[in-house]
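The values are calculated or read from the model by the stated rules, or taken from the named source; none is laboratory data. None of these values were measured; they are calculated from a predicted model. Backbone-built Cβ (ideal geometry, glycine too); neighbour counts: all protein chains shown.
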Amino acid sequence: MVTFDRSFLPPAQLEITVLADTHHLLDPQMYATPGDSQSPELMRDWGARAEWALEMARGLETDFVFHVGDLQQEHPDSDRFEQGRLAVKAQFLRSGLPLLIAAGNMDIGDKPDPTMPASWVTDQTLRRWEEDFGPSFHSVDTGDFLFLFLNSQLLNSDLGETAVQREWLERQLEDHGGARAFLFLHMPPFVVDESEPGLGSYDAIGEPARSWLLELCRRHGIEAVFAGHSHFRFLNRVDETRIHILPSTTTTRPGFYEAFAVLPDFQGKADLPKLGFTVLRIFEEGHALQLVRTNGQTGYGGPRDWASVLTCTTVEIPTSHLGAFLRLPIASHSDGAVGYPYNVRHRVRDDYPLLACLELGLRHVRFPIGDLDTPLQAERLRLLRDEGMSLTAMVIWDDSLSAGSVEHLLPGVDVLEVQVPGQLAPTKEQAERLSSVRRPSLEIALSPILMEDVGLVHRRGRSWYQLGELSALEAALSDLDMTVDRAVFGIENAEPAWEAITAFAQTESAHIGYFDFILMLADGDEAVPQTLAAALASACVDGSRLFIDPLQDSDRTASVSQGLLDRLSNPRPAFHAVRNMNSILHGGRSRPASYRPRPLIEIGAGERVLSIEDESSVVWGLTGGDMTMAAAAIDEHEATHATRIVVDPVIGRSKVVSSGLSGLVDALLEVEGGVAVVVDRASR
């Protein structure tokens, strides 16, 4: 059975696995159409993908397992519907999971809309559903929490069950006013915004039911709504209610790719990195939604005695110092196209960069202040902030900069990074003017914009200090009798991040509160060891923040660079390295760790072992080279701790090993890619 490692997570009051759109498929050849020979091949693994997702869900051993519908691909109009339903029931029985389910359109029929491609839900399909799975709307009441399952296909229907469901939901919310309520249904109220069309849209509940449902969310303070159907992830908010639209375990749908800058192969039908399911973790205050990526897998190919690591999301890791530089906007939007199965323009938005920041557990983002003048970007950034993210807005100094010129943008900004063009530090007049911008709740960071001759026709600019400029900056600030909360230093991708950043670990400044670092990602395989070294080193610089640059590939500019995400917002290997390192270093902590760098261990030409320590643990970073020699070096230098864990930070799996050399060597030799983390820690 698949096992999971929760050792880097904070405790939760309740955990729930939530699946969507497993779409068990009897025969892919049924869906072959003239001129579309690829469809059966693309659909061939749907059933096995769902089977593997259920196996993973079983291994999670959460308190509940919920499913928000579309269990099968054979619609009630199909003459193979009954055969498909029996196959789904057999699949669920094999999984051994006690599933609680909200019915989907493939299970009971489409929503009542004359533009829908299949027949609407009927009394007959409802009765058939109830024979197999019980009532199509129902609830689970734990006392503290109320979980409500709604039949979205009934909304706006003339069936008698529609009024019954409406009265039932209103009564449930009235009678359980003290419980935190969570709502589960197949079709979301909307995908992008409340005003989008319902009639003619395949993906959203129509009016008047949409307004009725959202009004209940507002009036009763429903904490979160969970829906599927779109096979794409979105995060929306209605007042304080989060609306989570979940991925499929099986396939994505082409219509949503209008939001992306590039079109994937097969219209996105083979965009496997977006497949998965979620784990809802509920805390005394708030909740987190963790994505478990299945990547289209149909089984486990790794060593069986390793566990999949569950990592912290932003709301679960308040002590993290990691962030990202948003060279591209946090979200992009398209008014979409009119095309099957839509009869209206299908509005779409790319929420994946935002969701990636939350999945990484980042606590900081850096972006141009002009983003806050754009309604879409301002709304999305402030949503990030409400999820626990600190916002750093960059503004270029000019003579018009004053409190009044940026006042309308400052609410919600945590750090204002003032970039001084053409010089290391402000002039005396600029420093005096800058003091008018300061607020008790607003930190001021300082960086320059300097042009450099790099041997090309045009010079290149940078918006950070180089490491060798610290002394000159200190002297300039001293002459001005000026202090700043932060100064921003850049780590070029050719610089060794460990040496560059640990040099600041013992640096004290009379004029700079904290040091921030911009890590420019190396391309290709070098990015993983680079990010691992930078994460370890920056954890030793108290109060620092490490911004990964860029979050997404920058591939349309003169300076091309790879990001943590590609232009389909899918993770590169460095994404997973950052995600796992963040949780290893900061997960499960209620206060910041006081890490200290330890001496480098050289194990060969250009090969070394990095390590840091705090009062309870030592974290080792292996960035390539002979794993046997690295294991021997660790074993020789380390005292006995209660637990030793080896983590493959790219694959995201871990293994507890016994003390002694042989177990450590065996585990490290099973790590893929030559980059590993070893955690030696006392019992917590």
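Odds and ends about this structure:
- In the set 470, 480, only one residue is over 17 Å from residue 396 (Cβ atoms), in the same structural domain as residue 550 (by TED's automatic domain parsing), in contact (Cβ under 8 Å) with a residue 40 or more places away in the chain and surrounded by 13 or more Cβ atoms within 10 Å (Cβ to Cβ); that residue is 480.
- Strands (runs of 3 or more DSSP E) lying entirely in segment 267-323 (those with 1 or more residues that are over 13 Å from the mean Cα position of the chain (by Cα) and closer than 21 Å to residue 229 by Cα): 276-282
- Residue in segment 34-51 that is in a strand (DSSP E or B), surrounded by fewer than 18 Cβ atoms within 10 Å (Cβ to Cβ) and not hydrophobic (A, V, I, L, M, F, W, C) present: yes
- Applying the criterion of at least 3 residues that are modelled with pLDDT of 95 or more and either under 25 Å from residue 321 (Cβ atoms) or in contact with a Leu (Cβ under 7 Å, 6 or more places away or on another chain) (or both) to the helices (runs of 4 or more DSSP H) found wholly in segment 363-439 leaves 375-386.
- Residue that is surrounded by the fewest Cβ atoms within 10 Å (Cβ to Cβ) [pool: residues in segment 220-256 that are touching a residue at least 24 places away in the same chain (Cβ under 8 Å) and in a helix (DSSP H, G or I)]: 220
- Residue in segment 320-330 that is of a type in the set (D, E, K, R), more than 26 Å from residue 218 (Cα to Cα) and not assigned by TED's automatic domain parsing to the domain that holds residue 182 present: yes
- Scanning segment 565-610 for residues that are of a type in the set (A, V, I, L, M, F, W, C) and either in contact with a Ser or Thr (Cβ under 6 Å, 6 or more places away or on another chain) or more than 22 Å from residue 672 (Cβ to Cβ) (or both) yields 568, 574, 577, 578, 593, 600, 601, 605.
- Scanning segment 586-609 for residues that are of a type in the set (D, E, K, R) and part of a loop (DSSP other than H, G, I, E, B) turns up 589, 591, 598.
- Flag for residue 604 being buried (at least 18 other Cβ atoms within 10 Å of the Cβ) and not aliphatic (A, V, I, L, M): no
- Residue 153, sole failed condition from (1) within 27 Å of residue 199 (Cα to Cα); (2) in a helix (DSSP H, G or I); (3) out of contact with any helix residue (DSSP H, G or I) (no Cβ under 8 Å at 6 or more places or on another chain): (3)
- Selection from segment 499-515 of residues that are touching a Leu at 6+ places or on another chain (Cβ under 6 Å) and crowded, with 20+ Cβ neighbours inside 10 Å: 500
- Residues within segment 343-373 that are free of Cβ contacts under 8 Å to residues at least 40 places away in the same chain and among the polar types (S, T, N, Q), tallied: 0
- Residue check, residue 113 among the charged types (D, E, K, R) and in contact with a Gly (Cβ under 7 Å, 6 or more places away or on another chain): yes
- Any hit, segment 451-464, residues being closer than 27 Å to residue 623 by Cα and without any contact (Cβ under 8 Å) to a residue 12 or more places away in the chain: no
- Within segment 315-342, if we keep just the residues that are without any contact (Cβ under 8 Å) to a residue 60 or more places away in the chain and surrounded by fewer than 18 Cβ atoms within 10 Å (Cβ to Cβ), the residue that is nearest to residue 283 (Cα to Cα) turns out to be 335.
- Which listed residue is farther than 20 Å from residue 365 by Cα and not in a loop (DSSP other than H, G, I, E, B), from 612, 548: 612
- Selection of segment 343-365 for residues being crowded, with 19+ Cβ neighbours inside 10 Å and more than 16 Å from the chain's Cα centre (by Cα) yields 346, 347, 348.
- If only residues of segment 121-159 that are within 35 Å of the chain's Cα centre (by Cα) and among the small types (Gly, Ala, Ser) are counted, the one that is surrounded by the most Cβ atoms within 10 Å (Cβ to Cβ) is 152.
- Test result for residue 510, modelled with pLDDT under 95, touching a Ser or Thr at 6+ places or on another chain (Cβ under 8 Å) and of a type in the set (A, V, I, L, M, F, W, C): yes
- Residues that are more than 17 Å from residue 595 (Cβ to Cβ) and under 28 Å from the mean Cα position of the chain (by Cα) within segment 616-644 comprise 622, 623, 624, 644, listed in sequence order.
- Criterion: modelled with pLDDT under 95 and either assigned by TED's automatic domain parsing to the domain that holds residue 573 or surrounded by 13 or more Cβ atoms within 10 Å (Cβ to Cβ) (or both) - qualifying residue of 518, 444: 444
- Residues within segment 1-33 that are modelled with pLDDT of 80 or more and in a strand (DSSP E or B), tallied: 9
- Sole residue being part of a helix (DSSP H, G or I), of a type in the set (S, T, N, Q) and under 31 Å from the mean Cα position of the chain (by Cα), chosen from 165, 91: 91
- Candidates 583, 559, filtered to the one that is polar (S, T, N, Q) and not in a helix (DSSP H, G or I): 559
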